[in-house]
Amino acid sequence: MQGLQIVNLELPDLALAYGLVLLAAGLARLRHNGQEWKILWASLRMVVQLLAMGYLLHFVFAIKSPLPVLAILLVMGGFSLQVMGGHVKQKMPHFYRVVSCAIFIGCGGATFLFCSVIVGNTPWWDPRYLIPMAGMIIGNSMNGASLAAERLCSEMSGRREEMEAALCLGASSRQAAEAALGQAFRAALMTNVNNMAAMGVVMLPGMMTGQILAGIEPVVAVRYQIAIMCAITGSVSVTSYLILILGYRHYFSDAHQLKMGEA
Amino acid sequence: MMAIPALEKEESLRLEQVCVLRQQGAGPRRELLSGISFLAASGEISAIVGPSGGGKSTLIRLLNRLEDPTSGAVYLGGTDLRQLDPLQLRRQVALVAQKPFMFQGTVLENLQRSFVYAGKPLLAPDSAELLRALAASRLDEEFLTRDARSLSLGEQQRVSLARALITSPGVLLLDEPTSALDRRSAEELGQAFREISRQQRLCVVLVTHDLALAGRIADHCLFLDGGRILEAGSPAELFTRPRTAQLARFLAGPAPQEV
């Protein structure tokens, strides 16, 4: 798949690019909004994190063993959980347990399916595919999952009266929560659906751009993009669905009672 | 799970030494109800009156198991509620809440809800059960096609009564059913409750701070204050000869409604 030789960026080239960040910081200083240090700090983090990731991947590619690959995936998953924990203000009961379980099954399943069945890698853990794919799938699912978790909470507290009315008519907790679950699932998938519809016209996605830059034939790059979008959609829907299905139960007791103070 | 028992006149709902403790914030658990025992019989209306915050709403929520007591037990026809299937129980012990909640859709769709939940065939608009529930709740057939959420509060409360009656329950729980209504609707609904209890031999438990309503329709009255039953008897006894200072104060209260 090695096509054209890609232009290698040397240190002076990077320094020049970093000049654009300094420009951003300079503009912020001009506006006196106190953002300049934040910009510099964030850009520094970006540089250090990416360099570290680059060397780490270099190392992992070299030793050809599944264990470090899986370890990286676990760290990525854990990190996404931490980011979600920071994002989602109103947390459902047992938030971390529910979300980690959903991400593990939803993202893990989609990534495995994509790498080992659709692309058909041998070995299935080939880090050149597995790590970037998992990154894209987890990153995108995280947004959907945050939306699902947040919406579940607000629907559960907003529909308390409705759910108790349903329970009084003999509804099970699942039946009582049905409307809330439907709304939350819709909200979780919205971004992904909009993204798919805008794909190729409004947005040229990162993976495709990267492959084209690396000299891959655009028609081939497009096929990869289509496949990864499908995997992301599957992952977002399964992860969100699991969050809702595992999450709503914690609002009810086994006797189909809405718990006090949870909503 | 045991089958829902057939109700005898003598013992429909019975509470024995019911206590409810609840954690509120970081503080110690507070006692919302303590040592509550009473019996509500079929064909009679038992009213629980008392000031707000006295535990009335908590008490009524125990009777269809929206909550469970911390200690003590509630029996339906002699069987502990916790041994019954909660979903079937709530069809047998129906509740009309203080504020009627109407599901989106027509009145007919609202009335069919419990059949949808139970996975049973829906009632036809002209079925005998449906017409009986409508008539008992003083609603015309023409209401069936109306949008439930566009109705007045009084009409909504009558729909929620019909919705409760449609599963032919043995016990009807009424939680401040008239407090959101104007006086005319409240009186009309009170009349409906009385007829339902007599004609369908229902056991009705009414929770209210409206002494006028309790005095007009109840056979028995309990005065609940501070989580305890302080007095019990016929409404006439309680309202004319209070034995405790709390009841006397409640009767003379800041907003006494006509007795």
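Bear in mind these aren't lab numbers, they're just calculated from the coordinates by the rules spelled out. Quick caveat, the model's predicted, so the values are computed rather than measured. Please note: Cβ atoms are built from the backbone with ideal geometry, for glycine as well, and neighbour counts cover all protein chains shown.
Key figures for this structure:
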{"read-out": "Answer from B:Ser52, B:Ser42 - the residue that is surrounded by fewer than 18 Cβ atoms within 10 Å (Cβ to Cβ), under 17 Å from the mean Cα position of the chain (by Cα), outside any strand (DSSP E or B) and of a type outside the set (Phe, Trp, Tyr)", "value": "B:Ser52"}
{"read-out": "First in the stretch A:85-104 and in contact (Cβ under 8 Å) with a residue 40 or more places away in the chain, second anywhere and assigned to a loop (DSSP other than H, G, I, E, B), Cβ under 6 Å, 6 or more apart", "value": "A:Pro93/A:Glu262"}
{"read-out": "Filter result for the condition that a residue is over 25 Å from A:Arg249 (Cα atoms), crowded, with 18+ Cβ neighbours inside 10 Å and more than 12 Å from chain B (Cβ to nearest Cβ), over A:Ala134, A:Ala145", "value": "A:Ala134"}
{"read-out": "Where B:Phe143 falls short, out of the listed (1) within 28 Å of B:Ser57 (Cα to Cα); (2) away from every other protein chain (no Cβ under 14 Å)", "value": "(1)"}
{"read-out": "Single residue of the stretch B:114-136 satisfying the filter (without any contact (Cβ under 8 Å) to a residue 24 or more places away in the chain and small (Gly, Ala, Ser)) that is surrounded by the most Cβ atoms within 10 Å (Cβ to Cβ)", "value": "B:Ala135"}
{"read-out": "Out of B:Ser160, B:Ser179, B:Ser185, B:Ser152, sole residue that is touching a strand residue (DSSP E or B) at 6+ places or on another chain (Cβ under 9 Å) and within 15 Å of B:Leu139 (Cα to Cα)", "value": "B:Ser160"}
{"read-out": "Breaking point among (1) away from chain A (no Cβ under 14 Å); (2) outside any helix (DSSP H, G or I); (3) of a type outside the set (Phe, Trp, Tyr), for B:Met102", "value": "(1)"}
{"read-out": "Residue satisfying condition, being under 20 Å from A:Gly170 (Cβ atoms) and out of contact with any Asp or Glu (no Cβ under 8 Å at 6 or more places or on another chain), within set B:Ile166, B:Ile196", "value": "B:Ile196"}
{"read-out": "Qualifying residue in the stretch A:215-227 (condition: of a type in the set (Phe, Trp, Tyr) and over 30 Å from B:Pro86 (Cβ atoms))", "value": "yes"}
{"read-out": "Filter result for the condition that a residue is in contact with a Lys or Arg (Cβ under 7 Å, 6 or more places away or on another chain), outside any helix (DSSP H, G or I) and surrounded by 20 or more Cβ atoms within 10 Å (Cβ to Cβ), over B:Leu111, B:Leu89, B:Leu95, B:Leu139", "value": "B:Leu139"}
